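> Below you will find the structure I want to go over with you.
The values are calculated or read from the model by the stated rules, or taken from the named source; none is laboratory data. Predicted model, so just to flag it, every value in this text is computed and none were measured. Counting neighbours? That spans all protein chains shown, and the Cβs are built from the backbone with ideal geometry, glycine included. With ligands, DNA and RNA removed, areas are computed over all heavy atoms of the protein, side chains included. Shrake-Rupley method; radii C 1.70, N 1.55, O 1.52, S 1.80 Å.
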Amino acid sequence: MDGAKLMPHLLRAAALACTAAAGGILLVLIYLVLPLFTSGGWGSVIAWQWLPFQGRFGILPMVVGTLLIALGALAVATPLAVGVACFVQVLAPGRIKGICLALVHYMTSIPTVIYGFVSIFLLVPLIRQWFDRGTGFSLATATIVLSLLILPTIVLVLQATLRELDRSARVTCAALGFSRPAYIRHVLLPLCRRGLLAAVVLGFGRAVGDTLISLMLAGNAPMVPASPLDATRTLTAHIALVVATDSQSTFYHSVFAAGLILFLVMVLIQLILRRLGGTFTP
Amino acid sequence: MQKKLIRCGTVTLLMAILLTIPAWAGSLKSFADLQGTLDIAGGTAHIPVMNEAAKRIMTANPKIRITVTGGGTGIGVQKAGEGLVDIGNTGRALSAEEVARFGLRSFAFAVDGVAPVVHSDNPVAGLSVQQVRDIFAGRITHWQAVGGPDAAIHVYGREEASGTHEVFWKKLLNKETVVGSANIIQSNGAMKVAVSRDIYAIGYMSIGHIDDSVKPLAVDGVLPSQATAIDGTYPAVRQLYMNTKGDPKPLARAFIDYILSAEGAGIIRAAGYIPLQ
């Protein structure tokens, strides 16, 4: 078989393998969670209190914690990313553009544990001193650092879209007499909605999936935070904590439920965002 | 013919190993004829002892590679049970389910105390048992109530199934639930970092992990230490275990014997724990 014939098969195999892996993970999770359904434990998992030694295995606070931290990080990172991407693509002179892009690329390669560790020594004491409430390990701390983590993802995806748009629209708009800020405001931003959406979806995925930053910085108290300065626990950190300490007891199964919920939340959010994207398209 | 010779040689070597183990058990010499890798994972309290023993063994016999990773008691059970590591460490006795599921054998080797700790600049030096309970239950929330600075108490805890948490919770907190707003820390090492960075913190950790960066609190006038843990005046003590799936393999057996030997006892003592033998 020659290369031209082989290639489509290889590509199809790669695509199938990826889909099968995702589907397989879902099936395994459902299989592992099944004991909870049959033993009637599902009700005790969908609850608000995590006190495993007293038979309370509620993981809803962790669902809320995950959503708060991920959406918070997205809310901080998205405007910043739009600013960085527009600046790099339109306003920055060549040299600065290069430095900025190199820096953003570099940021994608910083391991999360570095962010977490540095933040314990820098950001956590600052938050503790400034606000005089709580330990500094909080929803706000984790959100800030997580937004830093997802920033480059959003910037790079968005900038790729902007680059294409800019190529086709720049000369026309310059000829029409747009100033550069007006060009960004009235032409580029409205046109790049789909790219922005794709970037936000990817960023959200990273934020929800990240474990170490929330584990190291959010304080891990299994409760719904009453203020941004309170500690909270994400589903990923919850799984890490329980797996690290327990192995066979009944509540060990609740981590699979946490995994399944995490999986489903991701699917749901992706669907919603894609739906929104559909209605946005001109 | 050659094959036979090799087989003969292997058998002789194996026999030699088997024969020499009892003779040299417990000293570094017992590793002389061994080689291969030994993977250890699990409880974070064990790490100082495991690391020191591994270092000495690997120095004495470079053909042996020993890796030591943490993860926690749960990881220790899981990994040893699934056969992913040779020795899984736990900071608590195995539960009946764990023994039944995996067929693990436990080797207790040290006694460890779990002590309440505060920042080294905190003027509070001791608390009553009742004060400790009230603080961790969230009834006392201010350091002034126990003779400390004018600031809120920052409570740090561990996940409920942690070996360190279990002994503290059973023997000092009298099984009272730790306040829900407590920050949950994932290991003994991380607890030391958290408490040493927060001047208003209180947490609890394995005595072996305590160093100058944090301060153990006396409880009812008894300062948690090796001495008070061994004579029974400090109540929150537990045993540390190594676990193997079924009977240990020769290298794991030699490692366990070494930890249980007189030299191992020295390492255990130097790490801040009390050897069992």
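> Which one of the conditions (1) open to solvent by less than 50 Å² (accessible area, probe 1.4 Å); (2) outside any loop (DSSP other than H, G, I, E, B) does residue B:85 fail to meet, given that it meets all the rest?
Failing condition for residue B:85: (2).
> Inside the stretch B:122-162, can you point out the residues that are among the hydrophobic types (A, V, I, L, M, F, W, C) and either crowded, with 21+ Cβ neighbours inside 10 Å or within 14 Å of chain A (Cβ to nearest Cβ) (or both)?
Passing the criteria: B:127, B:132, B:135, B:136, B:137, B:143, B:151, B:152, B:153, B:155, B:161.
> Just the residues that are in a helix (DSSP H, G or I) and surrounded by 24 or more Cβ atoms within 10 Å (Cβ to Cβ), please, taken from the stretch B:54-78.
B:73, B:74, B:75, B:76, B:77, B:78
> Answer yes if at least one residue in the stretch B:134-156 is in contact (Cβ under 8 Å) with a residue 24 or more places away in the chain and under 30 Å from residue B:79 (Cα atoms), and no otherwise.
Yes, some residue in the stretch B:134-156 is in contact (Cβ under 8 Å) with a residue 24 or more places away in the chain and under 30 Å from residue B:79 (Cα atoms).
> Could you please find all residues in the stretch A:221-233 being over 15 Å from residue A:58 (Cβ atoms) and touching a helix residue (DSSP H, G or I) at 6+ places or on another chain (Cβ under 9 Å)?
A:225, A:227, A:228, A:229, A:230, A:231
> Moving on. Looking at the stretch A:107-161 only, could you name the residues that are in contact with a Pro (Cβ under 8 Å, 6 or more places away or on another chain) and of a type in the set (A, V, I, L, M, F, W, C)?
A:107, A:139, A:140
> Let me ask another. Condition test on residue B:44, is it at pLDDT 80 or above and loosely packed, with under 12 Cβ neighbours inside 10 Å?
no
> For the stretch B:147-169, give me the residue count where each residue is among the charged types (D, E, K, R), modelled with pLDDT of 90 or more and out of contact with any His (no Cβ under 6 Å at 6 or more places or on another chain).
Looking only at that region, the number is 1.
> Filter the stretch A:1-36 down to residues that are over 29 Å from the mean Cα position of the chain (by Cα) and either at pLDDT 90 or above or not basic (Lys, Arg) (or both), then give me how many there are.
Result for the stretch A:1-36: 10.
> Filter the stretch A:234-243 down to residues that are facing chain B (nearest Cβ under 7 Å) and crowded, with 24+ Cβ neighbours inside 10 Å and give me whichever is farthest from residue A:46 (Cα to Cα).
Here the answer is A:241.
> Now, a different point. Quick check on my filter: what residues within the stretch B:45-90 are without any contact (Cβ under 8 Å) to a residue 60 or more places away in the chain and in contact with a Lys or Arg (Cβ under 6 Å, 6 or more places away or on another chain)?
Residue satisfying the conditions is B:85 alone.
> In a strand (DSSP E or B) and within 9 Å of another protein chain (Cβ to nearest Cβ): does that describe residue B:202?
In short, no.
> Select from the stretch B:176-195 the residues that are more than 8 Å from every other protein chain (Cβ to nearest Cβ), open to solvent by 30 Å² or more (accessible area, probe 1.4 Å) and over 19 Å from the mean Cα position of the chain (by Cα) and list them in ascending order.
B:176, B:179
> Considering only the stretch B:206-261, how many residues are assigned to a helix (DSSP H, G or I) and either closer than 24 Å to residue B:99 by Cβ or of a type outside the set (Phe, Trp, Tyr) (or both)?
18
> Residues B:99, B:85, B:77: which one is touching a strand residue (DSSP E or B) at 6+ places or on another chain (Cβ under 7 Å) and more than 9 Å from chain A (Cβ to nearest Cβ)?
Of B:99, B:85, B:77, the one residue that is touching a strand residue (DSSP E or B) at 6+ places or on another chain (Cβ under 7 Å) and more than 9 Å from chain A (Cβ to nearest Cβ) is B:85.
> Which residues, taken from the stretch A:176-193, are open to solvent by 90 Å² or more (accessible area, probe 1.4 Å) and more than 30 Å from the chain's Cα centre (by Cα)?
A:176, A:180
> Just checking, how many residues over the stretch A:166-201 are of a type in the set (Gly, Ala, Ser), closer than 16 Å to residue A:85 by Cα and touching a helix residue (DSSP H, G or I) at 6+ places or on another chain (Cβ under 8 Å)?
Qualifying residue count, the stretch A:166-201: 3.
> Which of the numbered conditions does residue B:165 fail, given that it passes all the others? Conditions: (1) assigned to a strand (DSSP E or B); (2) within 10 Å of another protein chain (Cβ to nearest Cβ); (3) within 21 Å of the chain's Cα centre (by Cα).
For residue B:165, the exception is condition (1).
> A further question follows. Could we say that residue A:207 is at pLDDT 90 or above, small (Gly, Ala, Ser) and touching a Leu at 6+ places or on another chain (Cβ under 6 Å) here?
The answer is yes for residue A:207.
> Taking only the stretch B:98-115 into account, find how many residues are buried (at least 17 other Cβ atoms within 10 Å of the Cβ), more than 17 Å from residue B:84 (Cα to Cα) and of a type in the set (A, V, I, L, M).
The number of residues fulfilling the criteria is 4.
> Working carefully through the options A:77, A:21, find the one that is in contact (Cβ under 8 Å) with a residue 12 or more places away in the chain and in a helix (DSSP H, G or I).
When all the criteria are applied, what remains is A:77.
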